[in-house]
Every structure is written in structure tokens, then in C-alpha cells.
């Protein structure tokens, strides 16, 4: 079974993790939830999600995509070098890298948006532009294997674009 | 009485607003709390703080300093153009501009850190550097009238530096 990675930390935006989690499964992918430490993380509203793996246990070459939800989670993830390294490796190895809302903060930290078209939550826009991205205010922006969206309401467009990009190999 | 401005939004880090609030008063300054809308805002832990003024009611030339606490508040403030404009005007008119923790996100948004020495919470470092600041990992960094700190534990150094800078006029 082909699989994707879903990065997790406390304070993740509930739907931005849980909707892609089930949507990727519905499409036939395995979903491996990755946290800095093994254990259960809580969403903004307290919904629990278990991290099955830590970054050191992941060989990105065995995965097709890496997904980053928003909320307060990316602000916490971005100070953990192993989590940032995983994003950089996923990008370097040609995985589909997808981030929504505050998720692009991890793309900034991994320095994988320079010269790329991308979008994000409004509060992250200036940081994304300063990191060298070409910002677009669209529900979903696809540049190569980079897929980005702005808010929970973009989730249908976000997941459709991820699956479409994956279907092209 | 000489006065200072304290910017506020929901989810502010409790001590980073409340300690400077009382410390400035103890030193003899009036403190005007400014929110995007008049009303009461809640800290991360639910502590209420009332905004007496909105940005449109403020003439920065009548104030000596502008203070920005951290927590989740700056991420909310930075998408409100009137709040960002207030920071830019304060900087242009030579007020002491002081930000702690995530507060420097507002300095990034107002584009007032380019070429300046500054510090911030670890998760904001890359964004501060991308905005053109010279990042330093110190409890407090003073460059001209810009004063920045990293975490609540830096509050004594932060307030001492603000008051010292204000005493030099």
C-alpha cells in the first residue's frame, strides 16, 4: 500500500488534520502520523490524535506525500530540527508536500518555498513572501509537487489537488 | 503624565501584557491599552484586559513607547491593517517600540526591523531573519529605539531596558 505522512503537534487545527487523515485513507493510502515524540497529541478543541512514528523512524523514500495541518501546531513543530529536516527531505526526494493555513510556516522553516508559488493563512503571508515564495490568494496553489491552501474551508480543494497530483505520479 | 501604548488581542501571553502594564505604571507612565475594537480581550489563560482605545483614536506623537506582548495575539493583530499601521507610525515618529516573544511578528508585518538587531521567540527567528533583522539570542536586544526579548523569563530585562531607553529621552 502506498502511504503518506501527516505531521502532528499539539494545538493542530482539528479539521486540517482529521479531514486529510480520512480522505487519504478513503483514497486507498496508508497514513502514518508523525510527531516529535510518540504519543497522543491534542487538537485546538481537544481531539486526540496518536503519533505512531517519530521523525527518526521515517525513511521518506517509502512515502508519496507529506501533509502539514495548521492551527498552532506548526509554530511548535518548527523549533524541532528533526521535524523540519523531515519536510526538507520530503521535498528533496520529490514527495508531494502539502501544507494548509499555518502549515506553510514549516515550509518557510525548511526553506522549500523559495521561488515557488504558494498560499497560506493571511497572518503568514508576509513571512511566506519574505521567505521567497510567490504568494497567491487562492483556495489551493500547486507548484510542481508543492500544494498549499489557506483555511479549513479550502480543505475540499486542498485534498482534491493532493490526490490529483499523486495520481500523476 | 507621559504615556505608553500597549497593543492587545485575544490569546495574549498573560505575563507579557500584565507585567509591563503594571511596571510602566509603577514607573509613573500612563498605559493606554489599544485593541482593534473597544472591549475586553482574554489572555491565553482567560485573564481579561480591557482595550480603552482603538488605533484610529491614537495620535502616536502623544506617546513615548509602544509595547507588543506575545502569545497568540500578534498572529491575530498582524492581519488588522490599523494595528500594523500603528506600529509603523510609532517607529517612524521615534517612539520606543518594544516587542517580546511572538510580538516581533508585528515588527515583521510593519517592516520596521530591516537592518536592525533584534530577538524573538525561537519559532519566529527564521521569519525575523527573512524580514532583514540581525537576530541575536539574548534576553533583551536594544537597537536604537527598538527593544526586543524572547520569553516571559526575559520580562525583568525587557522592562528594565524599556525604562532605561525612555529615561534617555
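Assorted remarks:
- Only a single item in (1) closer than 21 Å to residue B:31 by Cβ; (2) away from chain A (no Cβ under 14 Å); (3) part of a loop (DSSP other than H, G, I, E, B) is not met by residue B:56, and it is number (3).
- Selected residue [within 14 Å of chain B (Cβ to nearest Cβ), over 20 Å from residue B:76 (Cβ atoms) and assigned to a helix (DSSP H, G or I)] from A:113, A:87, A:79: A:87
- Single unsatisfied condition, residue B:66 versus (1) assigned to a helix (DSSP H, G or I); (2) in contact with a strand residue (DSSP E or B) (Cβ under 6 Å, 6 or more places away or on another chain); (3) surrounded by 21 or more Cβ atoms within 10 Å (Cβ to Cβ): (1)
- Just one of the listed residues (B:61, B:37, B:50) is more than 21 Å from residue A:124 (Cβ to Cβ), assigned to a helix (DSSP H, G or I) and more than 14 Å from chain A (Cβ to nearest Cβ), namely B:61.
- Residue, surrounded by the most Cβ atoms within 10 Å (Cβ to Cβ), within the stretch B:116-153, restricted to residues that are part of a loop (DSSP other than H, G, I, E, B), more than 13 Å from chain A (Cβ to nearest Cβ) and touching a residue at least 24 places away in the same chain (Cβ under 8 Å): B:119
No lab work stands behind these numbers, since they all come straight from the coordinates. Small disclaimer: the values here were computed from a predicted structure and weren't measured. Neighbour counts are summed over all protein chains in view; Cβ atoms, including those assigned to glycine, are modelled from backbone coordinates with ideal geometry.
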